[in-house]
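Enquirer: Structure below; questions to follow.
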Amino acid sequence: MQLENTRLQHGQFIGQLCKEMELPDFSIKEIADLSMGEIPRHTHEDAHFIFVISGHYLTSAKDVTPASKSSRLIFNPAGTTHRDRFDASGGRFLAVSLNPEMTRTQSQICFVDRSVGFSGGQVSWLGWKLYDEFQGRDEVSPLIMTGLVLEICGHMQRSRERFAQSVPSWLRLVHELIRDRFVEPLTIKEIAQAAGAHPVYLVRAFRNHYGMTVGEYVRKLRVEFACRQISDTSAPLSQIATMAGFYDQSHFTRTFKKLTGFTPNEYRSISRTRGLSDTSSSH
């Protein structure tokens with residue numbers, strides 16, 4: 001079947017449907033990849049997000065990192081046109097399609113108007129909680145799943161608000177400097193000097209534009225780095241703590257659990273369980 005420039009209607013994805021559930025505000029489906037290559041260019045008519053359960057996912061959607069590993073959530077607004085695929089090992093994803101009425105009638109939710117990807121941290125764990133609830137659902141699951149979807153949407157809205165503000169070039173340089181050197185013991189004074197800004201002004205501007213303090217951003221980057229190391233390597237947790245910039249393992253464990261809701265050991269156990277080879281999606 002020729003899929004080039006195909007328009008996919010609400011709740012429609014390319015791949016094998018494994019399981020599905022319909023709720024008043026959204027539909028949720030588990031899809032397995034059968035494409036063995038790139039899916040031709042297509043357009044999604046509905047707003048939706050996918051949560052990559054297994055495999056390495058790649059997409060041409062604007063503002064999303066091209067290569068995505070497991071624990072990756074990508075939101076696409078209505079009308080998104082792209083190509084996407086999993087690598088040669090295949091993959092599997094959870095797809096949540098938001099009903100059009102949801103975006104029109106629930107004024108507390110204002111969805112982002114561009115594709116955006118989330119990696120690691122709280123959003124990924126919300127995705128895993130949603131997947132767990134979807135797999136072992138009972139009579140209370142619809143209520144829990146609705147709450148999780150709304151919480152994920154809240155993170156999307158926060159992302160939209162941050163990008164709505166124009167970030168000055170000097171602050172973008174600060175952002176890049178921190179991303180490049182987050183494992184180092186940086187100080188506000190050192191960062192301010194590099195940017196040519198007053199420390200007080202830097203702190204205020206960073207919070208206003210990025211929605212968190214410099215210290216919170218450093219912690220976020222360190223934990224996301226640790227998540228990747230825990231999932232992708234067999235390195236001891238003490239070594240990962242040092243590599244991520246934490247001064248000891250207890251500090252690492254406290255910070256990791258605060259941001260993810262799991263200890264590093266719990267994260268490794270779950271990551272290994274869900275990282276099992278799975279020849280299965282693209283949307």
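Laboratory data are not the source of any read-out in this text; all were calculated from the coordinates shown. A quick note: this is a predicted structure, and the numbers were derived from the prediction, not measured. Cβ sites come from the backbone with ideal geometry, for glycine too, and all protein chains shown count toward neighbours.
Enquirer: With +1 assigned to the C-beta of every Lys and Arg and -1 to the C-beta of every Asp and Glu, and no other charges, what is the dipole magnitude of region 169-274 about the Cα centre in debye, to the nearest 20? Don't jump to the answer; show the numbers that get you there.
Expert: Numbers: 16 positive and 9 negative charges, 63 e Å.
Dipole about the Cα centre, nearest 20: 300 debye.
Enquirer: If packing is taken as the average count of other Cβ atoms within 10 Å, what order do 75-85, 167-177, 20-30 fall into, highest mean first?
Expert: Details: 75-85: 19.8, 167-177: 14.8, 20-30: 17.5.
Going by the mean number of other Cβ atoms within 10 Å, highest first, we get 75-85, 20-30, 167-177.
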